[in-house]
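This report concerns only the one structure given below.
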Amino acid sequence: MLKINNLSVSFGDHKVLNGLNLECNKGELHGVLGMNGAGKTTLFRTIYGFKKKDSGDCIFENGPVKSQKIGFLETENYYYSYMKGQEYLDLLSGTDNHFDVEKWNQFFNLPLDDLIDTYSTGMKKKLAFLGTMALDRSILIFDEPFNGVDVESNEKIFQILDRLKKHGKIILLSSHILSSLTNICDKISYLKGGVIAKTYGRDEFSMLESELREMVQQNINQTLNDLL
């Protein structure tokens with residue numbers, strides 16, 4: 001189990017996460033939902049260790065979680081200049097031959113002998129996704145993994161995540177498209193005001209959709225009332 005206890009994170013005087021608590025089980029796909037700026041990326045980067053926390057704990061297997069246990073797909077992916085796709089995947093898979101690059105690339109048919117600089121946005125996203133798979137970590141964090149990829153690739157990612165879940169991985173992911181989470185997640189936690197306001201089980205997803213729709217409509221109506 002991955003446990004986040006009373007996690008607080010700030011940027012200067014602005015507190016983004018304020019005593020956040022979250023639990024994610026093995027073999028579970030856990031979505032994190034929130035409005036822009038709610039702190040989803042900050043949460044993920046803090047779990048991984050990119051962002052220093054003010055207080056709180058991220059616990060895995062009875063100790064502080066280490067980045068070596070985590071595969072993290074960030075929203076924006078960065079690559080070395082003049083690196084080919086094959087070189088990138090070889091670098092991440094290391095000397096362990098558990099990751100068969102050729103077989104995995106059958107999913108996305110990337111031109112691995114070409115420079116990554118020549119890839120489209122969607123191709124770069126798919127390459128980063130394969131790179132996360134190559135690490136073979138116990139905890140997988142995907143920040144907006146569906147951004148920039150086509151419908152077919154979305155479905156392939158869905159299927160891969162479902163298989164990984166069945167292999168006992170702990171999977172955290174975010175998406176700005178609610179249906180991307182409700183289609184695949186076992187639980188969805190709604191991040192608001194620096195905390196997890198509520199966690200919804202699969203049988204409560206329709207309630208989540210209704211509550212979000214009502215909240216958004218209220219915000220829109222309030223703004224329009226101020227303007228018109």
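The values are calculated or read from the model by the stated rules, or taken from the named source; none is laboratory data. Only a predicted model underlies this, so the values are computations on that prediction, with no experimental measurement involved. Counting neighbours? That spans all protein chains shown, and the Cβs are built from the backbone with ideal geometry, glycine included. Each accessible area value is taken on the protein alone, full model and side chains, heavy atoms only, with ligands, DNA and RNA left out. Shrake-Rupley method; radii C 1.70, N 1.55, O 1.52, S 1.80 Å.
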Open item on the list: When you scan the range 100-116, do you find a residue that is basic (Lys, Arg), in a helix (DSSP H, G or I) and either modelled with pLDDT of 90 or more or farther than 14 Å from Leu73 by Cα (or both), even just one?
Closed with: yes
TODO: Consider Asp54 carefully, then state whether it is in contact (Cβ under 8 Å) with a residue 40 or more places away in the chain, more than 20 Å from Phe158 (Cβ to Cβ) and of a type in the set (Asp, Glu).
DONE: yes
- [ ] Among the numbered conditions (1) crowded, with 16+ Cβ neighbours inside 10 Å; (2) of a type in the set (A, V, I, L, M); (3) without any contact (Cβ under 8 Å) to a residue 40 or more places away in the chain, tell me where Leu89 comes up short.
- [x] (3)
- [ ] Identify, by number, the condition in (1) free of Cβ contacts under 8 Å to residues at least 40 places away in the same chain; (2) over 22 Å from Leu33 (Cα atoms); (3) in a helix (DSSP H, G or I); (4) of a type outside the set (Ser, Thr, Tyr) that Met133 doesn't meet.
- [x] (1)
TODO: Look at the range 183-228 and say how many of its residues are touching a residue at least 40 places away in the same chain (Cβ under 8 Å), more than 18 Å from Asn36 (Cα to Cα) and touching a helix residue (DSSP H, G or I) at 6+ places or on another chain (Cβ under 7 Å).
DONE: 2
Task: the range 76-85, subset in contact (Cβ under 8 Å) with a residue 24 or more places away in the chain and under 22 Å from Phe146 (Cα atoms), residue least open to solvent (accessible area, probe 1.4 Å) - done: Gly85
Open item on the list: Please pick out the residue among Lys3, Lys40 that is surrounded by 14 or more Cβ atoms within 10 Å (Cβ to Cβ), in contact (Cβ under 8 Å) with a residue 60 or more places away in the chain and charged (D, E, K, R).
Closed with: Lys40
